[in-house]
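The values are calculated or read from the model by the stated rules, or taken from the named source; none is laboratory data. Being a predicted model, the structure only gives us computed values, none of them experimental. Backbone-built Cβ (ideal geometry, glycine too); neighbour counts: all protein chains shown. Note: accessible area is taken over every heavy atom of the protein model, side chains too, but ligands, DNA and RNA are not part of it. Shrake-Rupley method; radii C 1.70, N 1.55, O 1.52, S 1.80 Å.
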Amino acid sequence: MKKIDKERVLLAVAAPVLALVAAFVITALVLLATGKEPFGAFGTMFDYGFKSDSQVEIINKATTYYIAGIAVAVGFRMNLFNIGVEGQYRLGAFFAAAVGGAVTLPGFLQVPLIIVVAMIVGAMWAGIAGLLKTSRGVSEVIATIMLNSIATYIVGYLLKDGRLGHLDKAQTSVSTTPLPSSGHLFNFDMGEDIGQIYGFVVLAVVIGIGYWFVLGRTRFGFDLRSVGMSESAATASGVSVKRMVITSMLISGGLAGLTGMPLLLNDAHAYGSDLFPAGIGFTGISVALLGRNNPVGVALAALLWGFLERGSGRLEFDGYDKEIVGVMQGVIVLSVVIAYEVVRRYGLKRQQQKVGEELAAQARTKKEVTA
C-alpha cells in the first residue's frame, strides 16, 4: 500500500487555507476602514448561509460553478488558459435551448439531445481558439477573449422576436421557445419551504469522476499533463503537442457548453438574457484556481462561491454594502495566487533541505565505514 506523504498533503491544504484566512482578514480591514463592524457581517453571512433553503440555493449555484470550474481546469492542466468559458457557455445554452424548443421527442431522447447540442456548440467555439493557436500561433487568451465578445453579439442578434426569440405576453422580455415537458430534468424536492436541488447535480458528480479518471488514470491524461509540464519533453517522447492542444480545447469547450444546462433543464426551461447571468465563465476561473484543478477542490471552491453569493444577499438588509462580497472574492483569487507561490517555494526549499540531509548522512556513514 502506497504510503501517504503527510507533508505533501499538508502543503496542498495550506495554500487555499492561507488564501481564505488572508481574504477574511483583508475584508475585515476594508470593513473597518469604511466604518462597519466586520464580525457582524461575517456572522450574518454564516447565519443566513446555513439555513436550509440557503443550502439548496448554494448547491444549485455550486453545480453550475463546478462545471465551469472543471472546464477551465482541463485547460489549466496543460497550461492552456481557456478564458472563453463565458462565451462557450452562453452559445451552448442558447443553441441547446433553441433546438430543444424546436423539437419534441420522448424524454430519454429530448434531454440527451439538448445536452449533446450544448457540448458540440461549446466544443466548436473553443476549437476555433485551438486551431488559431496551433496553426497561427495566436495566444488562446487573446482568441478566447475576442470569441467571448463575438458570442455575446451572436446571441444578442439571434435572440430577437422573429428570429430565434419570442416576446413574452407582457412584452417585457425575449426568450427562446420554452422546452416541452419532455425536456425538463428531474429535481430533488427538499420540502415546500426549502426548495428543490437540481437533478443535474448528479451529472456534475459524474463529470467530476470522469475528469479525475481521464486525467489521472489514462494515457491521454498523462500526455495532457506532460505537455503542460514541458512541451519539449512531451514532444521528445512522441506526443503531438498540436493535437493535444486542439483536443484539450475541444474537451474544455464541450464541458463549458454544459455550464448552462442546470439552469436550462432544471429551472428556466428557455434561454433569455435575463435568465442566464453573466460572469459564470469567469467565476469558473476563480473556482478552478482555488480548487487547484482537483475535482474535490473545485467542488469545495464552488460551494464556497455559492455560499458567499448567497450570504451577500442578506448583507444589504443589515446595512452592509453587498459589494463587500465582490471584494472578498477578488481578494481570495489574489490571495490564492500569492499563497500558492509561497507554499511552492517553501515546498521546494524543504525538498532541497531533505536531499542535503540525506547526502550528508550518506557521507557520514561512508566515512565511518572507511575509518
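Placing pseudo-labels 7 Å out from each Cα toward the beta carbon at residue 50 and residue 181 gives an inter-label distance of 4.1 nm.
Over the range 205-352, the pair-distance histogram of Cα-Cα distances with 5 Å bins from zero comes to 2, 7, 11, 16, 17, 17, 13, 8, 5, 3, 1, 0, 0 percent, rounded to whole numbers. Rounded to the nearest 0.05, what FRET efficiency do residue 278 and residue 158 give with R0 = 25 Å and r taken as the Cβ-Cβ distance? Could you check? Result of the calculation: an efficiency of 0.90.
With a simple spin-label model that places each label point 7 Å from the Cα along the Cα-to-Cβ direction, the separation between residue 193 and residue 317 comes to 1.4 nm. Relative to one another, the C-alpha centroids of the range 39-118 and the range 270-335 are positioned 13 Å apart. What would the Debye formula give as log10 I(q)/I(0) at q = 0.14 Å⁻¹ for the alpha-carbon point model of the chain, no solvent? Log10 I(q)/I(0), no solvent term: -1.27. Rounded to the nearest 10 degrees, the inclination of helix 200-217 to the longest alpha-carbon principal axis of the chain is 30 degrees. GNM remark for the chain: springs join alpha carbons under 10 Å apart, and the peak mean-square fluctuation among 357, 323, 57 falls on 357. Computed over the range 256-328, the P(r) curve from all C-alpha pair distances, binned at 5 Å from the origin, holds 3, 14, 18, 21, 20, 16, 6, 1 percent per bin.
Quick one: which of 348-355, 330-337 comes out on top by average Cβ neighbours within 10 Å, and what's the full order, highest first?
Details: 348-355: 10.6, 330-337: 18.1.
Output ranking for 348-355, 330-337: 330-337, 348-355.
Taking only protein heavy atoms and a 1.4 Å probe, what accessible area per residue, in Å², does the range 195-343 have with all protein chains in place?
42 Å²
Restricting to DSSP H runs of at least four residues, report the calculated mean residue ellipticity at 222 nm for the chain, -39500 (n - 2.57) per run over all residues, nearest 500 deg cm²/dmol.
On the way: 13 runs with 264 residues, N = 371.
For the chain, the value works out to -24500 deg cm²/dmol.
Farthest toward the positive end of the dipole of the chain, out of 195, 296, 9, is the Cα of 9, where the dipole comes from beta carbon charges about the Cα centre. What is the calculated FRET efficiency for residue 209 to residue 9, with r their C-beta to C-beta distance and R₀ = 25 Å, to the nearest 0.05? After rounding to 0.05, the efficiency reads 0.75. Counting only alpha carbon atoms, the long axis of helix 38-49 and the longest principal axis of the chain meet at about 60°. Using a probe of 1.4 angstrom and keeping all protein chains present, the accessible surface of the range 29-181 works out to 47 square angstrom per residue.
For the chain, the carbon plus sulfur part of the accessible surface works out to 65%, probe radius 1.4 Å.
Using only the alpha-carbon atoms, how far is helix 140-158 inclined from the longest principal axis of the chain? Give it as 0 to 90 degrees, nearest 10. Helix 140-158 sits roughly 10 degrees off the main axis of the chain.
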